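What follows is one structure encoded as structure tokens, with my remarks underneath.
The values are calculated or read from the model by the stated rules, or taken from the named source; none is laboratory data. From a predicted model like this one, the values you see are computed outputs, not experimental measurements. Cβ placement follows ideal geometry from the backbone for every residue including glycine, while neighbour counts extend to all protein chains displayed.
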């Protein structure tokens, strides 16, 4: 299969190049950028020298449609909203890594993204690509809206609890922590090395656009889920997300039952690893890989459950999950070209 | 006033030396260690070369009592328990940085610390030294048990809410994050640089010995407080604690009222800074200083309040607060010799 | 003495505020910025909240001259060149932290700085402020050009060797490494956290503007010194410079003689610490302090000497040395208000 | 081909598992450890959970010889010296990652390694595995001694200059910097996170055991090479080595000629990338990959050449090069199973 990558100069785009360069069934036909046309990608990313000679091209939907089968749009929110319909209307399949097509309710989108709602037809067509919990036959799908990094970590962690009505749906608190690649490639005062090194920050309190995304999916799984509490921290590290999640159990339940539930829920999920009792994940153990590691703890003193979930935000939280979805579209094993061993340490 | 430091080779002890070396009213008469007697301290800490020529001495309570007025015990839990009564019985004043005399209930101490309970008489005498909330006339006090690092950050953040009955006492969740000096100076696999760098870990889930300490103080403030949820993370940074705290409000209250409550609660507290609405603290902004910065957020969607509190764990979380307590004992301004500007960046 | 700081929003300016806020003999009368006038400094640097209420003011030389005695210009090269004469002509004393008045030869300045030469009169008047090696009676001096960060580390390390004709003057190689605050406060792609974290970079090869500064001073000390080799690396840390320096000895000399020479050279220098044989410095041991730690090694296999010198680039490499020079101007002890114990760890 | 890994619990061993787990032509038959027998490897390295179920086995040369064709010994110096002959005498091929069989002169080995010399017969048989400069037909070789991490970076950088008699052989200075994985997996005070974070250290001055290794190879290439100057620094990062190398040119030569020489020298070397003029490498651009990136600079002021070379110390500096050598032994493309795109950022 031939694919193109639009938005190749961001971190999501570069990670797609890293993965697909080693993928056995897919080849990158072209890469595109709105800002750096005609420059070889290794000018932006010297680590790609000798690995790819590809030159960034303009974004011409018709032309792209004549040459490839599927496009990854790793473009920012607000750009994808306009670009994606054009690509789809030209017959391309699209996997969109932006947030533009994730929120089904245009009013909610507008409120949290502060942007104009997207094309209603394609919004309706978009399949939310949380791979482990998609029911659709993906080989028929044209358009996947790839989940956000935080929602991926949070939703994989909460799914068994929420789907099985085990927790008080008003008690969900997600304390999320991310490495700094989550903020993208643009240099800003917040991400200036001396200000971020040896520092821990909290940001976008009660304002993060991933809040409605998480709530939307949770309430699809369990209609009673109301507003959640979700906070986000910047940790002085390059990659990685940890979501520490708390909820009140609705009934008494033993740890062993919870553990078994999680194991069964993910028994066919190559990329989800449930840790043994008393073992907890750390972000480095998934570094550079597509794994999501999950641990559970039950505190009988409070009858509260804690779920800890970690991913590499550029992999399972972005490019990795996008390729996992591509594999599903192709009808091949989900780990094809994706079974990187984590880079540890 | 002449003081001695026991346990000078740990991070708490070294930070006491840093502070007291510049203190206008106090001088370090001697430093003591159980393991490195007769060695100059700058062999353990070369950064102290030319600053102090002091040599580590044995721990002889009687001899120390003849020479100084007050002793800081920066010794580990299990050591302080035995050492402190000896010092006190010899007429010394003591400020103990260990956890041994914080927990008033011996059964609870034994359960969480896995150690034998301490001397009952001196346990009863010990004043818990959360400086901003001590009512005692400290100039009369002989023995202060200095609070733990996490409890300091958590309790300063929660005090106004709990004391004023504003939150559901069963809903308190504290998600705490610490720099790696919190783990002490002993090299361990967990704190080996390649394993900790660029990594985020969660540890001691539902087992941390600071849980009963926080609960004890909260329930003194408000008898209805039950068990809390408290989790601890290791962040790849040297110093700093951030406690992100969540609780359900018992009634509707405006952000402005909460803010005013916090400002009033801490109006005389030199070291507590309440951030303006929309501003949130980061650990580097208190680096090397004794400040505790606190922010509030109110989410009307969930009627939940979030409090974020940051400290330098070696300063306000240990040696800094110990010296603040010393200043109180001496009846001098609490910031004497402690008014370091944070080292930023 | 009343002073003003111009360029208070850069890292050098902020470090001056940190130091002078605790200085016993000096008070900051006003702070100035070309870009953020009328804003309180704690908007730029929230760590200064409650410490100073000062508001950034415009830069009006005449007005400043009516109110203070001395000005620190912590402005970028190219700005100081114009600003400094104005201040001096208004009768102010000036300590300039930029590179504009360091290079005595205007042609050399133009070649390396790519900027127009500065005012010839004041260039001639400027005293190069490498404190430990200034012969002038500073109480008579009006204008000090504060050394660069790399030159400070390199020159303090090389001085005894060069002044005593012990090394082949054509063999000097300086391999310098710096923390990222050396690049200033402006966010750039190079200093974007994800690109700099866990990374080591080399930059400005054979082009660094500190090369002519080092050569100028070395050749004042020893006319035979020719061009040197000097390279600069960015290390993933906030503060600190290490200069590793190599030179061929002109005659056989024992390590002990070298060591004695260094001890004697710096016996009256409070801020220079010569390490014992076999001990080597690290940058953290001077963190936040004004010390320069120096070690020597002699390799008889090659008859080469190696000198290792470390400083905190914002302290001894910038603001600290500037205050040390201020103390000299005032005729008070050089360590007044500057005797911070390094913040370790 | 079936292989075994001895010393699987060190960083070199874990990296071999990461690589070989994805290798198309080789399978890991067994892994061995002297200290953790009968434990699954994922107890030591939880990131390997679900990736391999292998259990650490005892080290029994005869038994191993019955089951596999080749053994990687990722054991420490002093262990390999005894183990390797046993394995070879049992008919196994061996690639040894320790330093024990690198130094051909037993007296030199004893002097620098402070250990008893190794078996003379097998020392003579050992082929030094700097892959790009091996002339032997490797398919006939039984025993490869894999180069050290620093020597790999230094020698690849210096080879064209030294082999072509372009530099004064007495002028070579190598200033090397390494990430902390270079110090191995054992937790030590030096590598304790709070002591290493935000810090830069120099260590083993004039004592590093890689000095005789570099000198031995250089003098094989050019008999005139005498003792070199080589210094080593610990940089606060996980992986990566940068060697900054200086030498006096023996004659005038243009940058372009040097550049062309390097390009030609490495035109068939998949893993060596020569950077364009003015571009310099950084360690992150080879992170997790087997590349060695090299830049050149010529300074006409001093007639000195500078070569900068970077590698990932666990890949090209250890396990990666070992697998590259394995590929050569197998007669397959050197990049088979090794063509990882660097993980950036």
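Here are the numbers for this structure:
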| item | result |
| --- | --- |
| Subset of segment D:329-342 (residues that are within 13 Å of another protein chain (Cβ to nearest Cβ) and in contact with a helix residue (DSSP H, G or I) (Cβ under 7 Å, 6 or more places away or on another chain)) | D:336, D:337, D:338, D:341, D:342 |
| From the options D:261, D:338, D:326, residue that is in a helix (DSSP H, G or I), at pLDDT 95 or above and within 30 Å of residue D:93 (Cα to Cα) | D:326 |
| Residues satisfying the stated conditions in segment B:309-327, i.e. more than 12 Å from chain A (Cβ to nearest Cβ) and touching a helix residue (DSSP H, G or I) at 6+ places or on another chain (Cβ under 8 Å) | B:314, B:315, B:316, B:317, B:318, B:319, B:320, B:321, B:322, B:323, B:324, B:325 |
| Scan of segment C:16-28 for residues that are in contact with a strand residue (DSSP E or B) (Cβ under 9 Å, 6 or more places away or on another chain) and either crowded, with 17+ Cβ neighbours inside 10 Å or in the same structural domain as residue C:287 (by TED's automatic domain parsing) (or both), ordered by number | C:16, C:17, C:20, C:21, C:26, C:28 |
| Only one of C:236, C:281 that is under 30 Å from residue C:16 (Cα atoms), crowded, with 17+ Cβ neighbours inside 10 Å, in contact with a helix residue (DSSP H, G or I) (Cβ under 7 Å, 6 or more places away or on another chain) and at pLDDT 95 or above | C:236 |
| Number of the condition not met by residue B:246 [criteria: (1) crowded, with 22+ Cβ neighbours inside 10 Å; (2) out of contact with any helix residue (DSSP H, G or I) (no Cβ under 7 Å at 6 or more places or on another chain); (3) within 26 Å of residue A:194 (Cβ to Cβ)] | (3) |
| Residue list for segment D:167-190, restricted to those being in contact with a helix residue (DSSP H, G or I) (Cβ under 9 Å, 6 or more places away or on another chain), assigned to a loop (DSSP other than H, G, I, E, B) and either within 11 Å of chain C (Cβ to nearest Cβ) or buried (at least 24 other Cβ atoms within 10 Å of the Cβ) (or both) | D:172, D:179 |
| Filtered residue count, segment A:191-221, keeping only those that are more than 20 Å from residue C:238 (Cβ to Cβ) and assigned to a helix (DSSP H, G or I) | 12 |
| Selection count where residues are touching a residue at least 40 places away in the same chain (Cβ under 8 Å) and on the phi > 0 side of the Ramachandran plot, scope segment D:169-208 | 1 |
| When residues of segment B:226-251 are limited to those that are more than 7 Å from chain A (Cβ to nearest Cβ) and under 12 Å from residue B:173 (Cα atoms), the one nearest to the chain's Cα centre (by Cα) | B:243 |
| Single residue of segment D:264-278 satisfying the filter (assigned to a strand (DSSP E or B) and either more than 7 Å from every other protein chain (Cβ to nearest Cβ) or touching a helix residue (DSSP H, G or I) at 6+ places or on another chain (Cβ under 8 Å) (or both)) that is nearest to residue D:337 (Cα to Cα) | D:272 |
| Members of segment B:48-63 found to be touching a strand residue (DSSP E or B) at 6+ places or on another chain (Cβ under 6 Å) and farther than 17 Å from residue B:9 by Cβ, listed by number | B:50 |
| Segment A:209-225, subset free of Cβ contacts under 8 Å to residues at least 60 places away in the same chain and within 15 Å of residue A:151 (Cβ to Cβ), residue farthest from the other protein chains (Cβ to nearest Cβ) | A:220 |
| Which numbered condition residue C:150 fails, given (1) part of a helix (DSSP H, G or I); (2) surrounded by fewer than 23 Cβ atoms within 10 Å (Cβ to Cβ) | (2) |
| Residues located in segment A:115-138, provided they are more than 24 Å from residue A:292 (Cα to Cα) and surrounded by fewer than 20 Cβ atoms within 10 Å (Cβ to Cβ) | A:115, A:116, A:117, A:119, A:120, A:121, A:124, A:125 |
| Cβ pairs under 6 Å, 6+ apart, first in segment B:90-106 and outside the structural domain of residue B:220 (by TED's automatic domain parsing) and free of Cβ contacts under 8 Å to residues at least 40 places away in the same chain, second assigned to a strand (DSSP E or B) and buried (at least 18 other Cβ atoms within 10 Å of the Cβ) | B:92/B:71 |
| Lone unmet requirement of (1) within 14 Å of chain A (Cβ to nearest Cβ); (2) in contact with a strand residue (DSSP E or B) (Cβ under 8 Å, 6 or more places away or on another chain); (3) in a helix (DSSP H, G or I) for residue B:306 | (3) |
